[in-house]
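Okay, so here's the structure we're looking at.
What follows is calculated from the coordinates using simple rules that are stated; it is not laboratory data. What you see is a predicted model; the values in this text were computed from it and never measured. Note: ideal-geometry Cβ built from the backbone for every residue, glycine included; neighbour counts use all protein chains shown.
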Amino acid sequence: MLQAYFTAHGLQYASVGQIGPFRYTAVIFAALLDLLMWGVAPSLAGALGLGIIVAGAVVVLGARGK
């Protein structure tokens, strides 16, 4: 629920293209909760996906300053 609120609130300050990659952070939080609550580490494919999400967010943040 908080993700939807923060996304809607963020659209007041940035474009959809800048906010889009951060919508996938829910996947990161879900993987973190899975690890902490049940002790299940992400698979290789899951870790690769998490890396892609983080890389996309870094690219968007880097492009923001230009």
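A compact table of results
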{"quantity": "log₁₀ of I(q)/I(0) at q = 0.11, 0.13 Å⁻¹ - the chain, Debye sum with one point per alpha carbon", "calculated": "-0.31, -0.43"}
{"quantity": "³J(HN,Hα) computed for each position of region 12-27 - Karplus, 6.51 cos²θ - 1.76 cosθ + 1.60, integer Hz, glycine/proline x", "calculated": "6, 10, 8, 7, 4, x, 7, 8, x, x, 6, 5, 7, 5, 4, 5"}
{"quantity": "Cβ crowding within 10 Å averaged over residues, with 18-24, 49-55 ranked highest first", "calculated": "18-24, 49-55"}
{"quantity": "Per-residue HN-Hα couplings for region 29-39 [Karplus 6.51, -1.76, 1.60; θ = phi - 60°; Hz; x = Gly/Pro]", "calculated": "5, 5, 5, 5, 5, 4, 5, 6, 8, 10, x"}
